Amino acid sequence: TSLQATSLQGELLRWHYRTGHLPFGKLKQLAINGDIPKYLAKVTPPFCAACIYGAMNKIRRNTSRRSKIFDVNKPGACVSVDQLESSHAGFIAQMKGRLTNDRYRAATIFVDHYSKVRYVYLMKNLTSAETIKAKLAFETWANLHGVTIRHYHCDNGRFADNAFVSACTRHNQAVTFCGVNGHHQNGIAERAIRDLQDQARKQLLFAKARWPLAIDLALWPYALRSAAEYHNQLRTDSTGKSPIEKFANTNVGPNMHHMHTFGCPAYALNDRLASGNSAPKWSPRARLGINLGRSPRHARSVYLILNPATGLVSPQYHIKFDEFFESVHVIDDDTGLSDWKKLSGLIAVDHDIPTVQPNTGNDNYTPILENDNLNAIDAQHDTELDQRLNQDVQETQHDRSVHGTDSSDPIQGAHADDDTPANVTKSATSSATSGTSASSRGSHNTAGHAPSTSSRGRRRQPNVRLGDYVASTAESAQTDSPSFDAQCDMDYDEAHDEHLALQERMRDPIAFAAEMDNDIMYYHQAMAQSDADKFREAVVKEIEGHVKNENWILIPRSEVPQYEEILDSVWAMRRKRNLTTNEITKYKARLNVHGGMQTYGLNYTETYAPVVTWFSIRLLLIIAIMQNWTVRQVDFVMAYTQAPIEQDMYMKLPPGVSTAFGDKKDYVLKLQQNLYGQKQAGRVWNQFLVNKLRALGFEQSKVDECVFYRGTTIFIVYVDDGLVFDTSGKNLDDFIQELRDADLDIEDQGDPNDYVGVNITKDKHGYLNFNQLALIDAIIKDTRYRLNTFFDFNYRSAVGKLNYLAQTTRPDIMAATHMIAKYSHCPKKEHGEAIIHLVQYLKSTRHIGLRFAPDQSKGFENYCDADFSGNWFRDQAQFDPSTSKSRSGWIIFYAGCPVTWASKLQTQVALSTTEAEYIALSQSLRDVIPIMELMIELKNRGFPVYCTSPIVHCKTFEDNSGALELGTLPKMRPRTKHINICYHHFREHVRKGYININAIGTENQTADILTKNLPQNLFVRHRKSTCGQ
């Protein structure tokens, strides 16, 4: 275009380029919202040829009415998903090494119905394995923004495969499909794909027209991600909020100065100057690169820059962008702008053509192919390439040290450690190199992962059906504990994503322990045990209970409606043990429906059921001690079956059970009550109980759905275990009788003793002690620790039990447990030794647990800390992205007693200590704010809440002055304005004075115990502060 930037149309056109060729109608809305100069809203849009070439369509008359596919009221309630396949192979970014011949050939697009946020996952193929990786990456990214995905809506195709459906089932996610050839029923995803394609095409064609030597259409994966980034960040609707703000429930808008034209020349500062050193006086102070958009793994001011001389891509911070290609005309072909295309195999390298010597008339002459010439050319080419690669790798390694970057593929975004007891995790970390086989440290082109070439020159492709089978069996295979000496090829990106997902699951210790525990047996396994007679008695008791309560009726199989599916029945057998002595107290047999056979929409729909949070349990127990309340524990007998069945359902006769009328071939059970094992069983029971409690005059908490109030009575429930609080013991007796009169089968267990796997005792002062001696003994037994002799054991089971212990009564082993859990996907001998080391510490401190002795002079306090790049391990940094990330730790107290705590690897690379501390501060306040809201709710209902001021406050103690200033002052600094909006959510609470952020000395930072190794004296000091002993 000939428009000058000095004109209003020229200025509007420049914003059009910088925002990825955003439609002018949306640019007008940005101007109205004030994100770009407001006077541009009245400027007549200029003509953009790139938009015409890239997005022109037939003119259609739209006479149809748009209707919503699903009604949603929050992010994650429903997500449409579809896949895009490209006929043009896409370039794969690398930070080091020779460029790969692999290519991106497809992408999975996720669209949230509520916020319209879009997420792009790039794929090498359209197998089920890649699709499940895309799902995991999206859910990890959503969890980073505090969103849980509940429902997927998709086309049939790949998403109807067993692998995808099973993955959704394991995470209690609903799946719906559009009709065959009814793609309009997935219109949200279809429209998103079309929009993203148009935006990416416009950016590519514009950049290629301006800079043809450097730009190639193989960069479409980056343009596609850039288009999604612009869509998510910009406020283009009348609400004044961007999709990502709606998704993350924040009010931090985009910084328009961070919007840069895709594919434009970018000048990165010389690495010596970036590190603060000097460079030769007359040498260039910058090097030329190609802007590929923001780095999804780093801060918002870090961009991916492609080096045209080597083809390597590195995340850069110190950059100047030539937004409008003004310097292109001075860049000639001698600068090697197209070398990256040759090195990556996008265009052929012109070697001299081998020739055959002519016949000289000598009959003994044999034609000779002159390969020596070709080999010499290849050798020279390789030498030059190695020199370029080594130079660029040195720059990349410097960038990593400056910016805290990782060496994995920078385009595929975040999808997704230390201990206390005498360096527990030191051996676990160092073993990442020593425990990895030589083959895994060498070539990454392993069998089954990339196409190879046959002896005849044909390109071999991996078997798609085999890949689908591997995807469907991968998760079940992980439940088997591999040998510590097993040599498995390490996929660090995949392992890192799994670790991030794993630490999210570890936040629910009971569910995670059940997932990792192998103690629960099937019927045939129990019958092979030495105490099988005890299990048979439990089976008889379970069947008699169902028959007595008329939970089913026996009917002939012929009476089952034709469209109904007859579900299998499954026995779950277990030994219940005393939490103090570990002695067997009860043999339990639980009859379950095989929920894995259920079909969404046919015999179940919604599955979500809440459980009480640990902070609610601990907070109310602390208040009960301070107010001398009476506390009683109750248990609902065969809880689920007390609720009626939601819809007709039929089940086969369970194994080991027969009738006088016939066997399972002729008869089935028609369920009358809500049997265990159904996908919706927990939800049906919860709704049944809530309705009963409301009928008795109870009101449900708006903060924790499992807390109920009536007068001076508070009732909390975890599935079928309840705690009742009141100032009067008579009121509790009356309440329990009311529950029985409401036809609820309930057992009064008296004072709390064993609640949700934790043993609770009261001392002579009325204070509470929480311990799990039996669990510690079980861990010692499982690891077969005897006299310093090490044996093999189930690594994943040990991790599950250690996490349950750390989350409930032993915060002192939290950081060590999380570091050990990182290697659950492929543990080595050194990782097993790290667990043994931790078990030795537990054995010597077996008596330690939590002690609640409230101090009324203390209020509501939160200590949070971060260990900046504490996982840095130089030998592994080029492979493992987690080594560049920091660890957050926080612990929240009320009246001097711990309410909740956490140790988590940060999902974003922090560029400084200030950023790491600020991210930790933000993460901790995601726990603090709900607790504050519960406190306010209690106070408004007249319950005494001790605090340091009349309004519920939280003192957040930070030992970093930069993070302290950033959290208390709303002004953005140049070095911190890039921090993602998901970390600014708490500022409104600070502004209103609900949260006070105060500084604290490093030695008094109690959360230090949750982030890294500490000297013994400091560790013991912090342990006493947290555990009380």
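The values are calculated or read from the model by the stated rules, or taken from the named source; none is laboratory data. Keep in mind the model is a prediction, meaning the values are calculated, not measured. Cβ coordinates were reconstructed from backbone atoms using ideal geometry, including for glycine residues, and neighbour counts include every protein chain displayed.
Let me spell it out: the conditions are (1) farther than 26 Å from Q856 by Cα; (2) surrounded by 18 or more Cβ atoms within 10 Å (Cβ to Cβ), and D635 meets all of them except one. Which number is the exception?
Answer for D635: the failing condition is (2).
Suppose we filter A639, A609 for residues that are within 22 Å of S569 (Cα to Cα), small (G, A, S) and in the same structural domain as D733 (by TED's automatic domain parsing); which single one remains?
Numbers: A609 fails: within 22 Å of S569 (Cα to Cα).
Result: A639 is the single residue among A639, A609 that is within 22 Å of S569 (Cα to Cα), small (G, A, S) and in the same structural domain as D733 (by TED's automatic domain parsing).
Quick test for you: out of E606, E583, E559, pick the one residue that is at pLDDT 90 or above and over 20 Å from D721 (Cβ atoms).
Numbers: E606 fails: at pLDDT 90 or above; E583 fails: at pLDDT 90 or above.
Criteria check complete, one pass: E559.
Restrict the check to the range 189-204 and report whether at least one residue is farther than 30 Å from A309 by Cβ and touching a Ser or Thr at 6+ places or on another chain (Cβ under 6 Å). Reasoning before the result, please.
Step one: filter the range 189-204 for residues farther than 30 Å from A309 by Cβ, giving 189-198.
Right, trim to touching a Ser or Thr at 6+ places or on another chain (Cβ under 6 Å) and you get 189.
Yes - at least one qualifying residue is present in the range 189-204.
Could you list, in sequence order, the residues of the range 614-625 that are in contact with a helix residue (DSSP H, G or I) (Cβ under 8 Å, 6 or more places away or on another chain), closer than 16 Å to V928 by Cα and not small (G, A, S)? It would help to see each step written out before you state the result.
So in the range 614-625, the residues in contact with a helix residue (DSSP H, G or I) (Cβ under 8 Å, 6 or more places away or on another chain) come out as 614-616, 619, 623.
Subset that is closer than 16 Å to V928 by Cα: 614-616, 619.
W614, F615, L619 - these are the residues of the range 614-625 that are in contact with a helix residue (DSSP H, G or I) (Cβ under 8 Å, 6 or more places away or on another chain), closer than 16 Å to V928 by Cα and not small (G, A, S).
Inspect all residues belonging to the range 56-77 and state whether any of them is buried (at least 19 other Cβ atoms within 10 Å of the Cβ), modelled with pLDDT of 90 or more and assigned to a strand (DSSP E or B). So that I can check it myself, show each step before the final result.
First pass over the range 56-77, keeping only residues buried (at least 19 other Cβ atoms within 10 Å of the Cβ): 75-76.
Those still in the list that are modelled with pLDDT of 90 or more too: 75-76.
Still in the running and assigned to a strand (DSSP E or B): none.
The answer is no, given that none of the residues of the range 56-77 is buried (at least 19 other Cβ atoms within 10 Å of the Cβ), modelled with pLDDT of 90 or more and assigned to a strand (DSSP E or B).
Here's the yes/no breakdown for (1) part of a strand (DSSP E or B); (2) within 23 Å of the chain's Cα centre (by Cα):
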site: A107; (1), (2): yes, yes
site: A129; (1), (2): no, yes
site: K135; (1), (2): no, yes
site: F138; (1), (2): no, yes
site: N143; (1), (2): no, yes
site: H153; (1), (2): yes, yes
site: C168; (1), (2): no, yes
site: G187; (1), (2): no, no
site: L196; (1), (2): no, no
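Quick check, is K588 out of contact with any Ser or Thr (no Cβ under 9 Å at 6 or more places or on another chain), surrounded by fewer than 21 Cβ atoms within 10 Å (Cβ to Cβ) and outside any loop (DSSP other than H, G, I, E, B)? Break it down into steps so the answer makes sense when it comes.
Numbers: out of contact with any Ser or Thr (no Cβ under 9 Å at 6 or more places or on another chain): yes; surrounded by fewer than 21 Cβ atoms within 10 Å (Cβ to Cβ): yes; outside any loop (DSSP other than H, G, I, E, B): yes.
It is true that K588 is out of contact with any Ser or Thr (no Cβ under 9 Å at 6 or more places or on another chain), surrounded by fewer than 21 Cβ atoms within 10 Å (Cβ to Cβ) and outside any loop (DSSP other than H, G, I, E, B).
Just the residues that are crowded, with 20+ Cβ neighbours inside 10 Å and polar (S, T, N, Q), please, taken from the range 96-139.
T108, S115, T127, S128, T131
For the range 212-240, which residues satisfy the criterion of being in contact with a Ser or Thr (Cβ under 9 Å, 6 or more places away or on another chain) and assigned to a loop (DSSP other than H, G, I, E, B)?
Of everything in the range 212-240, those that are in contact with a Ser or Thr (Cβ under 9 Å, 6 or more places away or on another chain) and assigned to a loop (DSSP other than H, G, I, E, B) turn out to be L213, A214, D216, L234, R235, T236.
May I ask you to list the residues in the range 1004-1020 that are surrounded by fewer than 19 Cβ atoms within 10 Å (Cβ to Cβ) and in contact with a Pro (Cβ under 8 Å, 6 or more places away or on another chain)?
Passing the criteria: only F1019.
Which is buried (at least 16 other Cβ atoms within 10 Å of the Cβ) and under 24 Å from S87 (Cβ atoms), of R158, R194? Before you say what the answer is, go through the steps one by one.
Numbers: R194 fails: buried (at least 16 other Cβ atoms within 10 Å of the Cβ).
Step by step, each of R158, R194 is checked, and only R158 is buried (at least 16 other Cβ atoms within 10 Å of the Cβ) and under 24 Å from S87 (Cβ atoms).
One residue is enough: does the range 324-332 have a residue meeting the conditions more than 22 Å from L22 (Cβ to Cβ), out of contact with any helix residue (DSSP H, G or I) (no Cβ under 7 Å at 6 or more places or on another chain), buried (at least 17 other Cβ atoms within 10 Å of the Cβ) and not β-branched (V, I, T)?
Looking only at the range 324-332, we keep the residues that are more than 22 Å from L22 (Cβ to Cβ), and these are 327-332.
Retained after the next criterion (residues that are out of contact with any helix residue (DSSP H, G or I) (no Cβ under 7 Å at 6 or more places or on another chain)): 327, 329-332.
Restricting the remaining residues to those that are buried (at least 17 other Cβ atoms within 10 Å of the Cβ) gives 331.
Still in the list and also not β-branched (V, I, T): none.
There is no residue in the range 324-332 that is more than 22 Å from L22 (Cβ to Cβ), out of contact with any helix residue (DSSP H, G or I) (no Cβ under 7 Å at 6 or more places or on another chain), buried (at least 17 other Cβ atoms within 10 Å of the Cβ) and not β-branched (V, I, T).
Collect the residues in the range 237-252 that are among the hydrophobic types (A, V, I, L, M, F, W, C) and closer than 14 Å to N33 by Cα, keeping them in residue-number order. Spell out the reasoning first.
If we filter the range 237-252 for residues that are among the hydrophobic types (A, V, I, L, M, F, W, C), which is where we start, we get 244, 247-248, 252.
The answer is V252, and nothing else.
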